[in-house]
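Read-outs throughout are calculated quantities, based only on the coordinates presented, and are distinct from any laboratory measurement. The structure presented is a predicted model; accordingly, all values stated were derived computationally and were not measured. Quick reminder, even Gly has a Cβ in these numbers, built from the backbone with ideal geometry, and neighbours come from all protein chains shown.
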Amino acid sequence: MSIDLILDNSRTSALTSHLVLTRPPNPWTLKKTARLQDILDFDLPKLHRWCGKAYEILSSLTRPEPTQEERKSLNTARKSFNLARRPLVDDDATYIDLSSSDLPYRDDPDVHATIDKATRSANLITLLLSLTDLNHAKKAISPFLQELDDAFPSLFDTDLSRQSQTRELALHIRCRQLVEWLGEEPESEPLILATTIFCKDSASTAVEAAQRLRRGPFRKLGDMAQGGNFTSSRKFQVHLDQIIAKLSVPERDKSEKLLNAAFPQDKILEELRVWALNVYAHVNSKADKRNLPPDDRNEARVGREESEGLFISENDEAGESSDPESSSEHEGYHQLKTLVKEPSFIQDPATLAADGVADEAATCKGKADRIAS
């Protein structure tokens, strides 16, 4: 079972402008293709628009403390941005990660590049928003660093031209995480804590921990495709030798002070902020960038807008209805993951399956006929 997808480059680099059915369609393939088309036609343009608006605000915030008006604008943009990213993010996940998705977007290079660019842009905006919150609230950053370490830099950037800077930043993130853990776990052996962060295997004694920190094996750190293994480099080992030396100081308090001075929190957060702003600007201004599908307000959108209000939570609705600009932007479509359908009076599985295939085929054929005319 297959669907041949023929791209019409005069409109966009989107997945489909013509659908030609060469065989009876597989209903599951049709469902996934339709979901991907929804993302390209509705979700990505909305996400792209709110990424851009959030970036404009984030890149011009007054330092070190934003004004009250800037905070108000940012909160408005944040709410709309979070709604726009909802169709692409797993429940409770901080960053969008489609690496395990079964959507067929990888089959077309242009579609893959479009989705990849949009998700990375959204993840960079999420990172910048988190950094703004941390600077304002002055709360513990250990959970933020640990989650960022797992995602960095693969969910944000894959450009090898920035590899050296990105790897250095990834190392600083992990070193700052070590500083935080030393303060949170005063009874733990510092060198053993370090192996938990840097090494694939932990250790039971300080001597064993020091050996692992010198020889590995190490957890991947700031790796990019075709970028080699940073943890096998001389530069990485020099850094670890310096960390071992600081952790081996007899007085624990002195060790913490030495590491804190070497990897200060404010400096690392500022490095992250500047890096994220620069990467976002670069990703969205490449000379050969592929444009997202246009945000057409066609008949299909009208029908979907009528049902959209049924699925927005009361909190989201209350939080946004007070802002005129925000409410006008929310007229766009929000695809939610689960829709409650009315029960069918036909209970026979075979009949239901046949009807489903027929309906999907008729829909796709109708689209192809309209395009051909």
Row for region 26-156, column shape: gyration tensor on C-alpha, a ≥ b ≥ c, rounded if a/c < 1.5 i.e. under 1.5, prolate if a/b over b/c, else oblate; value prolate
At 0.36 nm per residue, minus the direct Cα-Cα distance, what do residue 68 and residue 274 gain on full extension? Give it in nm, one decimal, please. 71.9 nm
FRET efficiency estimate (nearest 0.05) - Cβ-Cβ, residue 252 to residue 116, R0 41 angstrom: 0.35
Under the rule a/c < 1.5 gives rounded, and otherwise a/b versus b/c splits prolate from oblate, where does region 150-249 land using the Cα gyration tensor? prolate
Considering amide H positions built from the backbone, and no H for Pro or chain starts, which residues 5 or more places from residue 218, or on another chain, come under 5 Å of its amide H? 200
Length gained when the stretch residue 140-residue 220 is fully extended (0.36 nm per residue, less Cα-Cα span): 26.3 nm
Need one number: nm distance between label points at residue 29 and residue 205, each 7 Å from Cα along Cα→Cβ, rounded to one decimal. 6.2 nm
